[in-house]
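Presented below is the structure to which this report refers.
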Amino acid sequence: MTSIVFDRVSKQYFKGPRYFPSLRDFLGALATGKKVEYEKFYAVRDMTFAINRGESVGFVGNNGAGKTTLLKLISRVALPDRGTIKTEGKIAGLLELGAGFHPELTGRENIMFNGMLLGNSKQEMAEKYEKILEFSGLKSFIDMPVKHFSSGMYARLGFAVAIFTDPDVLLVDEVLSVGDEAFQNKCIEKMEVFFGSEQKTVVFVTHNLDLMKRFCNRVLWIDKGRIRSDGNAREVVDEYRKSQVV
Amino acid sequence: MELWQYKNLIWLFVQRDLQARYKQTFLGVGWAVIQPLFLMLVFSLIFDKFLKVDSSGIPYPIFSYAALLPWLFISRSMNVAATSLIGFKALVTKVYFPREIVPLSIMVSSLVDFAIGSLVFFIMLLHFKVDVGGWGLFLVFLVPMMILLAGALALIVSTLTAIFRDLQFAMPLFVQLWMYASPVIYGLQGIQKTYLPLFYLNPAAGIIDSFRRVILLNQAPNWGLLASSGIWAVGLFVFGYWLFKKLEGFVIDIL
């Protein structure tokens, strides 16, 4: 049973000084008939892979390799320029600290807001509220507007909401590194329970290679928008590690 | 449609917008009423006392208020929705949810203002002793048409402004001009016959004119004009939704 399928997916982003199309450029192009050139680069290039339900997959790679773009494509935050993506089930992503939080709302209000943004009903969120609050360890700060939260607090709340909404696919992108050791251990335990279940899929991006070897059973090495290696976690991580020696 | 699953979310966004607007202001929700009332007063002074614009025998204040209500709903939807995607950039670029909720919730929030303004309108109707007749029920068709038009405009301007940021500045001007092109300050009866067909090009004209006719004059709407508004409303909504979805990916990338 496949959870995530990528078929020849490519995604380009703009770069360079001409980043924003402006009305002036657009109208000018209409008038002269000349097309305006924008510089682009490939974040993800012609990628094909499939992840099955129950797999815990890690993405390793250098900064700028395309890992975050991949997560954005999986969670439908970004759309591919070419190729098709098929996903099954509810997807919850921790792509960035405070993603899905409204800065003016309090922690309490944001639990509801974030949960509903992830597609849960008001009732579901009301039921899970206490558990989320408990896990996050933020009881005394919960009525503060989250714009005043520290990065560690964001990580705690974000993770708590994401995992308790019981998604089918969990995407985690380097956000755990911000929490303190106690919290990281708590998350890891919770994730092990999550990983252990046969119906849940996890995609994990981290630069903590030992953590990756510990959790994931399969790792994809992403390099310059392509898959350089795909296989057993231990092997691929070691391969990647070797390439990192200057 | 996926939107239905997220219906709670739309309401959450609307609540958020209402809270943000009224929590910190002294008069709170009263502002929804002050805007139409204030404009009505200014218009009455200039266009009734000083200029004597033809208002078909209806007292000018309520004549203008009846038009201001739908107009302010449509214009607010446009002006605020224009920067809505830009304003919610952080949310929209990091979590997936049907993004049309952003401009559409602005429209719904403006509808709440409309509802509050309508309560005051009701009081005014009593005060000016207007005989509201059977035609008043036609609102059942006018209000959805108005909502469709405002929703369409919200979708279109939010997408275009996210791409062409210059539009942020052009939008208020455009909306202002549009008001003058619509029968808000004046009524269609004062317009010279040769210019009347131009109003078919104005999506809001039929709606606003009909609002006045069915409530204040207990008359049938101008069917031709209303039909044009109806076609505009449906057409723009279909186009707007299509445009929004088509450009959604691009907008996310450049926000």
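At an R0 of 35 angstrom, the distance between the Cβ atoms of B:K89 and A:N185 translates into a FRET efficiency of 0.55.
For chain A, the alpha-carbon radius of gyration amounts to 1.11 times the rule-of-thumb value 2.2 N^0.38 Å expected for a compact globular protein. Of the beta bridges in chain A, as assigned by DSSP with both residues counted there, near 55 percent are antiparallel.
As a length-normalised measure over Cα pairs under 8 Å and 6 or more apart, the relative contact order of segment B:2-254 settles at 26 percent. Shown for segment B:81-111: residues covered by the partner protein chains by 30 Å² or more of accessible area relative to the chain by itself (probe radius 1.4 Å), namely B:L91, B:T93, B:K94, B:V95, B:Y96.
If you take every DSSP beta bridge fully contained in the protein assembly as shown, what fraction is antiparallel? Give it as a percent rounded to 5.
Working: 21 of 38 bridges.
Taking every DSSP beta bridge with both residues in the protein assembly as shown, the antiparallel ones total about 55 percent.
Which lysines have a Cα lying under 28 Å from the Cα of A:K40, excluding residues fewer than 8 positions away in the same chain? Excluding near neighbours in sequence, the set is A:K11, A:K15, A:K67, A:K72, A:K86, A:K224, B:K89, B:K94, B:K245, B:K246. Among the lysines, select those whose C-alpha is under 29 Å from the C-alpha of B:K129, and discard any that sit fewer than 8 residues away in the same chain. Straight-line reach from B:K129, under 29 Å: B:K49, B:K52.
Under a 1.4 angstrom probe, counting protein chains only, how are B:W178, B:W11 ranked by accessible area, largest first? Don't skip to the answer; put the middle values down first.
Values: B:W178 30, B:W11 125 Å².
The most accessible residue leads, giving B:W11, B:W178.
To the nearest 0.05, what FRET efficiency results for A:R218 and B:W31 with a Förster distance of 56 Å applied to their C-beta separation? Show your work: numbers first, answer last.
Details: r = 57 Å, r/R0 = 1.02.
The value I calculate is 0.50.
On a per residue basis, segment A:53-244 carries 43 Å² of accessible surface, using protein heavy atoms and a 1.4 Å probe. Put the Cα centre of segment A:104-152 next to the Cα centre of segment A:212-240 and the gap is 34 Å. Per-residue ellipticity at 222 nm from helix content only, as computed over chain A with -39500 (n - 2.57) for each DSSP H run of at least four residues, stands at -11500 deg cm²/dmol. Take the accessible area of chain B alone and of chain A alone, subtract that of the pair, and you get about 2600 Å² summed over both chains, using a 1.4 Å probe. For a label point 7 Å from the Cα of B:I116 along Cα→C-beta, name the residues of segment B:57-71 whose backbone N is under 11 Å from it. Within reach of a label on B:I116: no residues.
Put a dot 7 Å past the Cα of A:D230, heading toward its Cβ, do the same for B:T194, and the two dots end up 7.2 nm apart. Within the same chain, lysines fewer than 8 places from A:K186 are excluded, and of the rest, those with a Cα less than 20 Å from its Cα are A:K128, A:K131, A:K139, A:K200, A:K213.
Using the eigenvalues of the Cα gyration tensor, what equivalent ellipsoid semi-axes result for segment B:2-254 when each is taken as the square root of five times the eigenvalue, whole Å, largest first?
Values: eigenvalues 206, 82, 57 Å².
Ellipsoid half-lengths, sorted descending, are 32, 20, 17 Å.
Cut-off 12 Å, label point 7 angstrom out along Cα-to-Cβ of B:N8: give me the residues of segment A:100-125 whose amide nitrogen falls inside. Answer for this model: A:112-125.
Across chain A, where is the longest run that never hits GluC sites (Glu not before Pro) in a DSSP loop with at most 16 other C-beta atoms within 10 Å?
A:105-197
GNM remark for chain A: springs join alpha carbons under 10 Å apart, and the peak mean-square fluctuation among A:V202, A:V146, A:V172 falls on A:V146.
Have a look at segment B:217-255 and report residues whose accessible surface goes down by 40 Å² or more when the remaining protein chains are included, against the chain on its own, probe 1.4 Å, ligands and DNA/RNA excluded. So the qualifying set is B:D253, B:I254. Length gained on full extension, A:M1 to A:M144: 47.2 nm, using 0.36 nm per residue less the C-alpha separation.
The share of accessible area on chain B that comes from carbon and sulfur is 72 percent, using a 1.4 angstrom probe. As a length-normalised measure over Cα pairs under 8 Å and 6 or more apart, the relative contact order of chain A settles at 26 percent. Segment B:100-174 and segment A:180-205 have Cα centres lying 48 Å from one another. Rounded to the nearest angstrom and listed largest first, the equivalent-ellipsoid semi-axes of the protein assembly as shown from its Cα gyration tensor are 52, 26, 18.
The values are calculated or read from the model by the stated rules, or taken from the named source; none is laboratory data. Source: prediction; values computed, not measured. Methodologically, a virtual Cβ is constructed for each residue, glycine included, from the backbone with ideal geometry; neighbour enumeration extends over all protein chains shown. Heads up: the accessible areas ignore ligands, DNA and RNA and are worked out on the full protein's heavy atoms, side chains in. Shrake-Rupley method; radii C 1.70, N 1.55, O 1.52, S 1.80 Å.
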